[in-house]
Amino acid sequence: MESLFAHYPELRACECKIKSALEAMIHTYEYGGKILVCGNGGSAADCEHIVGELMKGFRLKRPVYDERIPEGIRICLQGALPAISLPSQISLLSAFANDADPQMTYAQLVYGYAQEKDLVIGISTSGNSANIVNAMTVAKSLGIKTVALTGEKASRLSEICDITINVPGNETYRVQEYHLPIYHYLCAKLEKHFFTE
């Protein structure tokens with residue numbers, strides 16, 4: 001964690017919440033759960049980025065030893081931490097937005113995908129994006145652990161979520177700049193926890 005703060009000393013204010021998020025994510029994977037991630041605009045791109053780091057090698061090699069898979073295929077695979085980027089479900093998102101309610105698109109996906117052992121991460125620079133708030137409300141109603149990445153101000157997500165990492169910034173681009181090193185840190189720590197031999 002010190003390397004994170006060496007590059008971004010202002011994030012030290014978030015230290016306890018980052019640690020809590022990491023513990024929650026480790027717990028999710030240790031108990032066979034998966035992580036769902038949702039966000040809008042640049043934060044939707046962050047969702048894809050996070051899932052990319054979790055579902056394949058990030059900083060470490062992740063050999064697969066599952067002998068059920070033929071060796072010729074197995075040696076080409078990498079260990080995965082199950083995660084789904086909800087913004088990538090474009091056909092379902094657009095259909096639900098058209099047929100039902102655009103503000104409930106992520107809520108519908110959380111309702112359909114999430115199970116009790118899972119964890120939902122909501123990314124919103126304001127912390128008040130209606131579709132993210134609705135998704136996290138559904139998750140909380142189902143007893144599913146929730147983590148939010150937001151800006152500095154108190155928000156609806158900080159009221160709803162179990163853990164809110166509210167970075168020290170309010171301008172959208174600045175908040176997004178702080179989110180990236182935080183989720184890189186979390187992904188690297190998860191990888192080290194589960195794939196260091």
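Under the rule a/c < 1.5 gives rounded, and otherwise a/b versus b/c splits prolate from oblate, where does the chain land using the Cα gyration tensor? Here the chain falls in the oblate category.
According to the square roots a ≥ b ≥ c of the eigenvalues of the Cα gyration tensor, what is the shape class of region 114-197, taking rounded for a/c under 1.5, prolate for a/b larger than b/c otherwise, and oblate for the remainder? Could the numbers behind the result be given before it?
On the way: a/c = 2.68, a/b = 1.11, b/c = 2.41.
Because a/c hits 1.5 or more and a/b fails to exceed b/c, region 114-197 counts as oblate.
Residue ranges 128-140, 32-44 sort as 128-140, 32-44 when ordered by packing (mean number of other C-beta atoms within 10 Å per residue, highest first). Every helix of 4 or more DSSP H residues in the chain counts as -39500 (n - 2.57), and over all residues that averages to -15500 deg cm²/dmol at 222 nm.
Based on the alpha-carbon gyration tensor of region 1-103 and its eigenvalue square roots a ≥ b ≥ c, which shape applies: rounded if a/c is under 1.5, prolate if not and a/b is larger than b/c, or oblate? Each step should come with its number before you reach the end.
Working: a/c = 2.05, a/b = 1.03, b/c = 1.98.
Oblate shape, in that a/c is at least 1.5 and b/c is the bigger or equal ratio.
Ordering A135, L149, Q78 by the projection of their Cα atoms onto the charge dipole of the chain, which places +1 on the Cβ of Lys and Arg and -1 on the Cβ of Asp and Glu, puts Q78 at the extreme positive end. Each Lys or Arg adds one and each Asp or Glu subtracts one; over the other residues with Cβ under 12 Å from the Cβ of V64, this totals +2. Using R0 = 22 Å, the C-beta based FRET efficiency linking K153 and M1 works out to 0.35. What aspartates and glutamates does K145 reach when the alpha-carbon gap must be under 15 Å and sequence neighbours fewer than 8 apart in one chain are set aside? Counting by Cα, and skipping residues close in sequence, K145 has these aspartates and glutamates nearby: E23, E30, E116, D118, E159, D162.
If you place +1 on the Cβ of every Lys and Arg and -1 on the Cβ of every Asp and Glu, how big does the dipole about the Cα centre of the chain come out, in debye to the nearest 20? Write out the running numbers ahead of the final one.
Values: 18 positive and 22 negative charges, 40 e Å.
Around 200 debye, computed over the chain.
With the simple spin-label model, which puts each label point 7 Å out from Cα in the Cβ direction, the R174 to E10 separation comes to 0.5 nm. A dipole drawn for the chain from +1 and -1 charges on Cβ atoms has a positive end, and of H184, T125, I90 the residue lying farthest that way is H184.
Every read-out reported here was derived from the displayed coordinates using simple, explicitly stated rules and does not represent laboratory data. Only a predicted model underlies this, so the values are computations on that prediction, with no experimental measurement involved. Every residue, glycine among them, receives a Cβ derived from its backbone with ideal geometry; neighbour counts consider all protein chains shown.
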